[in-house]
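The values are calculated or read from the model by the stated rules, or taken from the named source; none is laboratory data. If you're wondering where the values come from, they're calculated on a predicted model, not measured in any experiment. Glycine also receives a Cβ, built like all others from the backbone with ideal geometry; neighbour counts cover every protein chain displayed. Heavy atoms of the whole protein, side chains included, go into the accessibility calculation; ligands, DNA and RNA do not. Shrake-Rupley method; radii C 1.70, N 1.55, O 1.52, S 1.80 Å.
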Amino acid sequence: MAKEGAQRAEETEQMIEKEGGREGAEGSAAGSLRAGEAKEMRAVVLSAFGGLNKLRVSKKAMPEPQEGELKIRVKACGLNFIDLMVRQGNIDNPPKTPLVPGFECSGIVEALGDSVKGFEIGDRVMAFVNYNAWAEVVCTPVEFVYKIPDDMSFSEAAAFPMNFVTAYMMLFEVANLREGMSVLVHSAGGGVGQAVAQLCSTVPNVTVFGTASSFKHEAIKDSVTHLFDRNADYVQEVKRISTDGVDIVLDCLCGENTGKGLSLLKPLGTYILYGSSNMVTGETKSFFSFAKSWWQVEKVNPIKLYEENKVIAGFSLLNLLFKQNRGGLVKSVMDKLLNLYTNKKIKPVVDSLWALEEVKEAMQRIHDRGNIGKLILDVEKAPTPLVS
């Protein structure tokens with residue numbers, strides 16, 4: 001492992017030298033860029049909310065770091081279900097279009113803004129970005145940037161922040177997972193689902209119930225204790241195995257699963273909603289699907305929660321970071337997660353790599369619930385030629 005880390009560090013240095021040499025050659029070519037003319041980069045641009053056809057790769061002005069920011073030459077970007085909802089405009093207070101989607105990336109530090117400490121040009125990093133991640137270059141505040149372990153690839157690093165921080169904070173910060181508890185997680189084959197399964201394995205005697213599409217079962221059967229088809233009556237299956245139910249329910253589906261999840265909770269159990277993928281049934285936003293999912297949500301009676309000793313909670317990592325200013329808390333969680341990674345307790349699962357120009361196909365794979373683990377946009381990957 002140490003040998004691989006040394007090789008990766010050497011490769012990074014060579015890449016930096018190569019980029020530096022290229023920039024030097026470009027700088028020596030007088031007149032190649034007129035004074036004040038902005039350098040350009042490739043980026044995925046969402047022209048308007050809607051279907052896959054609203055996405056395209058185009059040229060944009062390259063950003064420069066402001067005070068307290070890092071400029072990162074992006075190598076890989078994470079693709080999450082929330083990105084589908086952003087594309088559809090299926091979120092609260094969506095930003096104006098056109099915009100560059102994406103909330104996490106990995107790459108190499110290329111420049112430092114004023115007052116930035118703790119990082120150097122050439123550092124391998126992963127970062128949260130408040131949009132704009134799907135581009136060749138991003139700038140983001142230093143508090144959202146973390147150094148990558150030597151033996152972690154750029155694709156693994158891009159698959160790490162959103163999934164593992166979300167999973168860790170729900171399990172340990174919100175639900176207080178302890179030895180001997182039981183957890184039900186939906187979409188067990190996805191990026192967060194696999195992170196949940198791995199983190200549960202770090203605590204003794206935790207039972208993990210998972211739901212997933214049947215074609216994923218063979219690939220993920222060893223990551224959970226009990227696995228059920230996502231279309232089956234999992235409530236009865238769980239109660240057959242554990243008559244009292246479970247201690248923690250992690251729900252990214254919403255709709256009718258809210259009531260089912262609450263019904264499965266043991267006394268002092270915690271239900272956490274962290275997504276609403278049931279509202280995404282097609283390529284574009286559907287008001288029918290939204291209304292159906294909303295009306296299927298069981299109306300929560302606080303008195304009933306009191307009588308049954310149950311806890312209901314919500315979790316949004318992006319709001320925690322960018323609206324509620326909890327970057328310091330997330331930093332402490334990342335430190336714990338990177339320690340677990342270094343000790344080989346956890347490892348991000350990468351489903352597949354896609355070129356920026358293949359973002360539509362990558363998104364369709366998530367629409368189809370076809371991924372096991374995380375889809376990654378590889379900035380340096382060439383599009384796969386079409387086979388006639």
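General observations
- Where a residue in the stretch 169-188 is farther than 18 Å from N309 by Cβ and its partner, wherever it lies, is of a type in the set (G, A, S), with Cβ under 6 Å and at least six apart: V185/G193; V185/G210; S187/G193; A188/G210; A188/A212
- Evaluation of Y234 against (1) under 21 Å from Q198 (Cα atoms); (2) at pLDDT below 95 (one fails), failing number: (1)
- Residue in the stretch 180-197 that is open to solvent by 40 Å² or more (accessible area, probe 1.4 Å) and touching a Ser or Thr at 6+ places or on another chain (Cβ under 8 Å) present: yes
- Scanning the stretch 77-108 for residues that are open to solvent by 20 Å² or more (accessible area, probe 1.4 Å), in contact with a Leu (Cβ under 8 Å, 6 or more places away or on another chain) and within 23 Å of V192 (Cβ to Cβ) yields a count of 1.
- Looking only at the stretch 328-352, residues that are surrounded by fewer than 16 Cβ atoms within 10 Å (Cβ to Cβ) and closer than 30 Å to P95 by Cβ come to 4 in all.
- Which numbered condition A219 misses (of (1) open to solvent by less than 30 Å² (accessible area, probe 1.4 Å); (2) among the small types (G, A, S); (3) closer than 23 Å to G370 by Cα): (1)
- Any hit, the stretch 52-62, residues being modelled with pLDDT of 95 or more, in a loop (DSSP other than H, G, I, E, B) and under 27 Å from G122 (Cα atoms): yes
- Condition met for R230 (assigned by the TED database to the domain that holds M169, on the phi < 0 side of the Ramachandran plot and surrounded by 15 or more Cβ atoms within 10 Å (Cβ to Cβ)): yes
- Where G68 falls short, out of the listed (1) under 22 Å from the mean Cα position of the chain (by Cα); (2) at pLDDT 95 or above; (3) more than 15 Å from V45 (Cα to Cα): (1)
- Within the stretch 51-71, the set of residues being touching a strand residue (DSSP E or B) at 6+ places or on another chain (Cβ under 8 Å) and either within 26 Å of N90 (Cα to Cα) or open to solvent by 70 Å² or more (accessible area, probe 1.4 Å) (or both) comprises K54, L55, R56, V57, S58, K59, K60, E64, Q66.
- Pairs, first outside the structural domain of S187 (by the TED database) and surrounded by fewer than 16 Cβ atoms within 10 Å (Cβ to Cβ) in the stretch 239-260, second part of a helix (DSSP H, G or I) and of a type in the set (D, E, K, R), C-beta under 7 Å, six or more apart: none
- Residue check for I303: within 17 Å of T207 (Cα to Cα), of a type in the set (A, V, I, L, M) and either surrounded by fewer than 19 Cβ atoms within 10 Å (Cβ to Cβ) or modelled with pLDDT under 90 (or both): no
- Members of the stretch 214-236 that are in contact (Cβ under 8 Å) with a residue 24 or more places away in the chain, part of a loop (DSSP other than H, G, I, E, B) and of a type in the set (A, V, I, L, M, F, W, C): V224
- Residue tally, condition among the aliphatic types (A, V, I, L, M) and assigned to a helix (DSSP H, G or I), over the stretch 237-272: 4
- Look at (1) in contact with a helix residue (DSSP H, G or I) (Cβ under 7 Å, 6 or more places away or on another chain); (2) assigned to a loop (DSSP other than H, G, I, E, B) and you find that T211 fails only one, number (2).
- The set of residues in the stretch 307-323 that are surrounded by fewer than 16 Cβ atoms within 10 Å (Cβ to Cβ) and over 29 Å from P267 (Cβ atoms) comprises N319, K323.
- I303 vs. criteria in the same structural domain as G191 (by the TED database) and closer than 24 Å to L253 by Cβ: no
- When the residues of the stretch 109-145 are filtered to those that are assigned to a strand (DSSP E or B) and open to solvent by 10 Å² or more (accessible area, probe 1.4 Å), the one that is nearest to F160 (Cα to Cα) is R124.
- Candidates in the stretch 146-179 are the residues that are of a type in the set (S, T, Y) and not in a helix (DSSP H, G or I); of these, the one that is most open to solvent (accessible area, probe 1.4 Å) is S153.
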